[in-house]
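Read through the structure below, which is laid out as structure tokens, and then see the notes.
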Amino acid sequence: YDLKTGRLLWECGGQTLNTIPTPVADKDTVYVTSGFRGNALQAIELGRTGDLSGTDAIRWSHNKSTPYVPSPLLVDDLLYIVAGNNGVLSCFDKKTGKPHFEHERLEGIYGIYASPVAAKDRVYVLGREGTCLVLKKGPALEILATNKVKDKTDASLAMAGNEIFIRGHEHLYCIAEKK
């Protein structure tokens with residue numbers, strides 16, 4: 001939509017019902033995902049108008065292991081997505097859609113509502129049982145650390161400066177370097 005007028009600029013079909021994940025974008029592509037009663041991931045070229053369904057504006061698409069709740073993570077040339085709400089992660093080349101790794105089980109994480117986040121050379125994936133995996137950012141799945149709070153967690157991690165905030169069902173946690 002045009003932010004000033006509210007006029008529809010473009011639209012594109014192909015997502016599943018009840019789309020929850022927030023799209024992510026870089027300067028020329030928006031990445032949309034959904035995973036309720038089906039699977040859809042589309043990389044859509046920005047700057048087009050009209051109905052883009054079935055056109056070359058869809059740079060690439062993928063139709064398995066897409067998220068129901070968690071939003072994708074776009075960092076550098078990598079697009080990370082969670083499968084459903086499960087502890088399963090995939091990573092794609094954002095330009096080509098070629099998987100670097102696909103449908104990899106994350107040890108110790110069973111359910112995920114939180115979106116993965118990144119800082120510096122790390123990716124953080126928080127599970128609903130309070131387990132957070134710290135991954136090395138890159139095209140290979142490499143777990144650097146496993147941390148756990150004694151609380152249920154559904155919200156995405158919030159990062160501010162050198163602090164990480166975790167909102168649990170019972171408590172708010174702040175993790176920071178001890179000075």
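The values are calculated or read from the model by the stated rules, or taken from the named source; none is laboratory data. Not measured: the values here are computed from a predicted model. Note that each Cβ is placed from the backbone with ideal geometry, even for glycine, and that neighbours are counted across all protein chains shown. With ligands, DNA and RNA removed, areas are computed over all heavy atoms of the protein, side chains included. Shrake-Rupley method; radii C 1.70, N 1.55, O 1.52, S 1.80 Å.
State whether one or more residues within segment 80-88 are in contact with a Cys (Cβ under 7 Å, 6 or more places away or on another chain) and either open to solvent by 30 Å² or more (accessible area, probe 1.4 Å) or within 22 Å of residue 123 (Cα to Cα) (or both).
Restricting attention to segment 80-88, the residues satisfying the condition of being in contact with a Cys (Cβ under 7 Å, 6 or more places away or on another chain) are 80.
Filter once more, keeping what is either open to solvent by 30 Å² or more (accessible area, probe 1.4 Å) or within 22 Å of residue 123 (Cα to Cα) (or both): 80.
Yes, the conditions are met somewhere in segment 80-88.
If a residue counts only when it is open to solvent by less than 50 Å² (accessible area, probe 1.4 Å) and under 19 Å from residue 114 (Cα atoms), which strands (runs of 3 or more DSSP E) contained entirely in segment 1-74 have at least 1 such residues? Show your work before the answer.
Working: elements: 29-34, 40-45, 58-62.
Strands (runs of 3 or more DSSP E) meeting the threshold: 29-34, 40-45.
The set of residues from segment 104-142 being closer than 17 Å to residue 69 by Cβ and of a type in the set (Lys, Arg) comprises just one member, 128. Pairs linking a residue in segment 121-143 that is under 21 Å from residue 173 (Cβ atoms) to a residue that is open to solvent by less than 60 Å² (accessible area, probe 1.4 Å) and among the aromatic types (Phe, Trp, Tyr), with Cβ atoms under 9 Å and 6 or more positions apart or on different chains, are 123/80; 125/80; 132/124; 133/124; 134/124; 135/80; 135/124. Figure legend. Inter-residue proximity from segment 70-92: first residues at positive phi, second residues part of a strand (DSSP E or B) and open to solvent by less than 10 Å² (accessible area, probe 1.4 Å), beta-carbon distance below 8 Å, spacing 6+ or different chains. Indicated pairs: 84/67.
Restricting the search to strands (runs of 3 or more DSSP E) fully inside segment 89-176 and requiring at least 2 residues that are farther than 15 Å from residue 72 by Cα and open to solvent by less than 40 Å² (accessible area, probe 1.4 Å) gives 131-136, 163-167.
Among the listed residues 89, 157, 79, identify the single one that is under 16 Å from residue 21 (Cα atoms) and in contact with an Asp or Glu (Cβ under 6 Å, 6 or more places away or on another chain).
On the way: 157 fails: in contact with an Asp or Glu (Cβ under 6 Å, 6 or more places away or on another chain); 79 fails: in contact with an Asp or Glu (Cβ under 6 Å, 6 or more places away or on another chain).
On inspection, the qualifying residue turns out to be 89.
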